[in-house]
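The values are calculated or read from the model by the stated rules, or taken from the named source; none is laboratory data. A quick note: this is a predicted structure, and the numbers were derived from the prediction, not measured. Every residue, glycine among them, receives a Cβ derived from its backbone with ideal geometry; neighbour counts consider all protein chains shown. These accessible areas exclude ligands, DNA and RNA; they are computed on the full protein's heavy atoms, side chains included. Shrake-Rupley method; radii C 1.70, N 1.55, O 1.52, S 1.80 Å.
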Amino acid sequence: MLEAGIKGHQEITVEEKDLAIYVGSGTVHVLATPMMIANMEYTAAASVEELVGEGKSTVGIEVNVSHVAATPKGMKVYFDSELLEVSENGKILTFHVEAHDECGLIGEGTHRRAIIDRERFDEKTQAKLEQR
């Protein structure tokens, strides 16, 4: 059952592919903000994936985070999420997300996800190809 308090956790070691210089979000050799955000989203999504129901999934709809400290290649980063709220209609999930490296907090904020029916979502998305 989806309810406030569900937590997620994952950890990575920053690799070349995660660096700002590599992903095009800057010219420095540190964890890229887009990669930090992607891992925050993944952590939140994974924490509820098995609870959203058969044939359903979640998609990110809003991210509001701060990236407050740089993390070099080779350092571990820990991502945590906590489900704060399920909307009245049960379709929107609001999470608190945080990222810490081995020295402390590097980012935090909120992330919202919508519960979708996979088949209907895929059909609607593919229909856009016919509309162009």
How big is the C-alpha Rg of region 1-118 next to the rule-of-thumb value 2.2 N^0.38 Å, as a ratio? 1.09
Go ahead and set up a Gaussian network model of the chain, Cα springs under 10 Å, then flag whichever of ASN39, ASN64, ASN89 fluctuates most. ASN89
Just to make sure I understand: if all protein chains stay in place, what is the order of SER81, SER87 by accessible area at 1.4 Å, largest first? SER87, SER81
With springs only between Cα atoms under 10 Å, which of ASP122, ASP80, ASP18 fluctuates most in a Gaussian network model of the chain? ASP122
Could you state the number of Å between the C-alpha centres of region 82-109 and region 1-60? 11 Å
Suppose only helical runs count, i.e. DSSP H with n ≥ 4. What mean residue ellipticity at 222 nm does that imply for the chain under -39500 (n - 2.57) per run, divided by all residues and rounded to the nearest 500 deg cm²/dmol? -8000 deg cm²/dmol
Spin-label zone in region 89-106 - amide nitrogen under 19 Å from a point set 7 Å from the Cα of THR13 along the C-beta vector: 100-104
Gained length - ALA70 relative to LYS128, 0.36 nm times residue gap less alpha-carbon distance: 17.0 nm
Apply the Karplus curve 6.51 cos²θ - 1.76 cosθ + 1.60, θ = phi - 60°, to the phi angles in region 77-90 and return the couplings in whole Hz, x for Gly and Pro. 10, 10, 10, 10, 9, 9, 6, 8, 7, 10, 4, 4, 7, x
At 1.4 Å probe size, what's the solvent-accessible area of TYR42? Round to the nearest 10 Å². 140 Å²
For GLU119, the accessible surface traced by a 1.4 Å probe with all protein chains present amounts, in square angstrom to the nearest 10, to 130 Å²
Using only protein heavy atoms and a 1.4 Å probe, report how much of LEU51 is accessible, in Å² to the nearest 10. 80 Å²
